[in-house]
Amino acid sequence: MFTEKKNVLELIALLKAHKIEHAVLCPGSRDIPIVQGISQCPDISCYSVTDERSAGFFALGIIMSLKKPCAVIVTSGSALLNLHPAVSEAFYRQLPLLVISADRSLAWIGQMDGQTVNQTNVFNSLVKYSGTLNEIKDATDKWLCNRVCNEALLALNEKPFAPIHLNVPISDPFFTFSEEKLPDARVISKLKLSNLKKVIQKHQKIMVVIGQNDIDYRLTIYDKEALSKKYAVYCEHIGNAQHCDFISAGDGIFSKITTENNNLIPDLVISLGGHIVSKQLKQFIRKIDCTHIEINDDGKVYDVFQKLQYIVKASFKEAINYLCSVTDINSRLTSKDFAFSKAPEHIDIPFSQIGITKLFLSKINFPCYLHLANSSTVRYASYFKVPSFINVHSNRGINGIEGSLSAAVGSACAIPNMLHFILIGDLSFFYDMNALWNPQLTKNLRVILFNNSGGEIFSALPGLSLNDKAKNFVTAPHNATGKAWAQECGFKTYTVTDNEDFIGILDDFICNDGSNKFIEVFTDKEKDMAALKFFKEQLELNSINV
């Protein structure tokens, strides 16, 4: 029988799965659920050592002799501190020592309760990885605990070797042993790029997700054609791999797919590149039954879809070349299965932020740089096609509103022989308006400011209900305008209050005549939301209608 503590069960199951074959067990009370469970695993050789200082070096002796990792398990409090000398030795000799410490509940740390010290990150720079296996109360807790444990054990077995520390909080009571067997814990494994084909060929509906790509290898026409023939490929504008047959409007597509449309549900998702904007895509993959393979050049665990099973360490270019070259693929899923019955570009949208975004993107059909500020701007642009010769950038690392304008200005100064356009909302603009106050500003910047007097998109979040007082704090209403400041900074300015205004000045705005230009589009918050709702209602997938 095993403990009822789910984080401990997850730990022991993954120790077995990652083939940890040796463990030094130190006596105590708080670590009883861990010690009791590990001692019941016949494939883990257990050794009992009372003195933790000796136990740590005892484990190093096992590692040196067998050239395999060894775990040392201690109870809470000073017991963990006694491992410092052994951990230091292991770090400087690059030995795979796994330290597992039982801990008291977080609520009792620092409250003069017995055997409580702050055990999190206690070894600081002497370990390669330090993680906490949180107690499990719901599905998200379980996912986090599982992911952290997998991360730690993957790091333990990867060169250069170094100590790893896992801290395991165990709250009272913890003497109940009611579980008959260990759970089937999800195991995240390393996979060589050369072996990826074997996994691909076991699946029939394959989706490739290309994330943000600013400075890495850019896909060739051949790459895009080869990928589109083999897989359903999802790539947003910030992936800079635009292609007519790739899927890009995630928030317009994946919210419409249900389990009844199982012909559109992939059984294998392969992701590479950086961040993904679409929340609907993430939610869609999280709820389906599929295998997820993440390819990145640092071999780290990025489990944004909560389905990760394999990690492939490879460069972006290596991954693209490999995916293009794989033969004998039986995928029945293509990007065309996700096509709209009516292209978003052909939908007549009332005057609004998303409507002006459509009109503008349909006009820029020449090489240039397109910068998309965060929040609504980058999301609205994703619905509409952008030619492959346009470079698209957005601050999607942390997704904050600060710095979008400054990044565009820096880019424009770095490449002065091309036009740089930025679409930006009012809160983002006023937060970063000093970016235009720059003596190095070149004459190739075009700014479209969407001003609806506040961040209305925040109050439109699904399920959010706010009273008037709270709404003011969330949406930050204002009466500011940007025109005077843009003029002060040397920009030619335009004011737009309807679609006709915008269409009338658009040709002059995009003309490369050696000046900086600034459009301020004044819209109404409520009408912006109504137009967005209307637009989304027009979007239907061909494959669902058939």
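Name the single residue, out of those in the stretch 498-538 being part of a helix (DSSP H, G or I) and touching a Lys or Arg at 6+ places or on another chain (Cβ under 7 Å), that is surrounded by the fewest Cβ atoms within 10 Å (Cβ to Cβ).
Restricting to residues being part of a helix (DSSP H, G or I) and touching a Lys or Arg at 6+ places or on another chain (Cβ under 7 Å), the top hit is GLN538.
Of the conditions (1) more than 17 Å from the chain's Cα centre (by Cα); (2) on the phi < 0 side of the Ramachandran plot, ASN240 clears all except one; give me its number.
The failed condition is (2).
Tell me, which residue of the stretch 295-338 that is touching a residue at least 24 places away in the same chain (Cβ under 8 Å) and of a type in the set (Asp, Glu) is nearest to ASP251 (Cα to Cα)?
ASP337
Could you pull out every one of the helices (runs of 4 or more DSSP H) wholly within the stretch 416-497 that has 3 or more residues that are within 34 Å of the chain's Cα centre (by Cα), modelled with pLDDT of 90 or more and within 23 Å of VAL392 (Cα to Cα)?
Qualifying helices (runs of 4 or more DSSP H): 426-431.
Taking strands (runs of 3 or more DSSP E) that do not extend beyond the stretch 1-120, which have at least 2 residues that are crowded, with 18+ Cβ neighbours inside 10 Å and at pLDDT 95 or above?
It comes to 22-25, 70-74, 97-103.
Being of a type in the set (Val, Ile, Thr) and within 11 Å of VAL277 (Cβ to Cβ) is the filter here; which residues of the stretch 362-391 pass it?
Across the stretch 362-391, the qualifying residues are THR377, VAL378.
I'm trying to understand the selection: among the residues of the stretch 339-359, which are without any contact (Cβ under 8 Å) to a residue 60 or more places away in the chain and under 20 Å from ASN240 (Cα atoms)? Can you show your working first?
Start the filter on the stretch 339-359 by keeping residues that are without any contact (Cβ under 8 Å) to a residue 60 or more places away in the chain, which leaves 343, 345-346, 348, 358.
Scanning the stretch 339-359 gives GLU345, LYS358.
If a residue counts only when it is in the same structural domain as TYR369 (by TED's automatic domain parsing) and either surrounded by 16 or more Cβ atoms within 10 Å (Cβ to Cβ) or at pLDDT 95 or above (or both), which strands (runs of 3 or more DSSP E) contained entirely in the stretch 180-278 have at least 2 such residues?
Strands (runs of 3 or more DSSP E) meeting the threshold: none at all.
When you go through SER362, SER375 one by one, which is the residue that is free of Cβ contacts under 8 Å to residues at least 40 places away in the same chain and either of a type in the set (S, T, N, Q) or not assigned by TED's automatic domain parsing to the domain that holds GLN212 (or both)?
Selected residue: SER362, the only one of SER362, SER375 that is free of Cβ contacts under 8 Å to residues at least 40 places away in the same chain and either of a type in the set (S, T, N, Q) or not assigned by TED's automatic domain parsing to the domain that holds GLN212 (or both).
Is one or more of the residues making up the stretch 80-87 under 21 Å from PHE174 (Cβ atoms) and assigned by TED's automatic domain parsing to the domain that holds ILE164? Talk me through it step by step, then tell me what you get.
So the first thing to find is which residues in the stretch 80-87 are under 21 Å from PHE174 (Cβ atoms), and the list is 80.
Narrowing further to those that are assigned by TED's automatic domain parsing to the domain that holds ILE164: 80.
So far as the stretch 80-87 goes, yes, one or more of its residues are under 21 Å from PHE174 (Cβ atoms) and assigned by TED's automatic domain parsing to the domain that holds ILE164.
Scan the stretch 131-138 and tell me whether some residue there is touching a helix residue (DSSP H, G or I) at 6+ places or on another chain (Cβ under 6 Å), of a type in the set (D, E, K, R), surrounded by 17 or more Cβ atoms within 10 Å (Cβ to Cβ) and in the same structural domain as GLU10 (by TED's automatic domain parsing).
Taking the stretch 131-138 first, the residues touching a helix residue (DSSP H, G or I) at 6+ places or on another chain (Cβ under 6 Å) are 131, 133-136.
Going one step further and asking which of them are of a type in the set (D, E, K, R), we end up with 135.
Of the ones still in play, those that are also surrounded by 17 or more Cβ atoms within 10 Å (Cβ to Cβ) are 135.
Filter again for in the same structural domain as GLU10 (by TED's automatic domain parsing), leaving 135.
Taking every residue of the stretch 131-138 in turn, at least one turns out to be touching a helix residue (DSSP H, G or I) at 6+ places or on another chain (Cβ under 6 Å), of a type in the set (D, E, K, R), surrounded by 17 or more Cβ atoms within 10 Å (Cβ to Cβ) and in the same structural domain as GLU10 (by TED's automatic domain parsing).
Residue check, VAL326 against (1) among the aliphatic types (A, V, I, L, M); (2) outside the structural domain of CYS235 (by TED's automatic domain parsing); (3) within 17 Å of LYS224 (Cα to Cα), all met but one. Which one?
For VAL326, the failing item is (2).
Given LEU60, LEU66, which one is among the hydrophobic types (A, V, I, L, M, F, W, C), within 23 Å of THR120 (Cα to Cα) and assigned by TED's automatic domain parsing to the domain that holds MET112?
Going through LEU60, LEU66 in turn, just one is among the hydrophobic types (A, V, I, L, M, F, W, C), within 23 Å of THR120 (Cα to Cα) and assigned by TED's automatic domain parsing to the domain that holds MET112: LEU60.
With respect to LYS385, determine if the residue is touching a residue at least 24 places away in the same chain (Cβ under 8 Å), touching a Leu at 6+ places or on another chain (Cβ under 7 Å) and among the basic types (Lys, Arg).
no
Among the residues that make up the stretch 22-34, is at least one of them basic (Lys, Arg), in the same structural domain as MET112 (by TED's automatic domain parsing) and under 17 Å from ILE164 (Cα atoms)?
Within the stretch 22-34, not a single residue is basic (Lys, Arg), in the same structural domain as MET112 (by TED's automatic domain parsing) and under 17 Å from ILE164 (Cα atoms).
Given (1) buried (at least 19 other Cβ atoms within 10 Å of the Cβ); (2) out of contact with any strand residue (DSSP E or B) (no Cβ under 8 Å at 6 or more places or on another chain), identify the lone condition not met by PRO173.
Condition not satisfied by PRO173: (1).
So how many residues does the stretch 279-289 have that are assigned to a helix (DSSP H, G or I), out of contact with any helix residue (DSSP H, G or I) (no Cβ under 6 Å at 6 or more places or on another chain) and surrounded by fewer than 19 Cβ atoms within 10 Å (Cβ to Cβ)?
5
The values are calculated or read from the model by the stated rules, or taken from the named source; none is laboratory data. All of these numbers come straight from a predicted model, not from anything done at the bench. Virtual Cβ from ideal backbone geometry, glycine too; neighbours counted across all protein chains shown.
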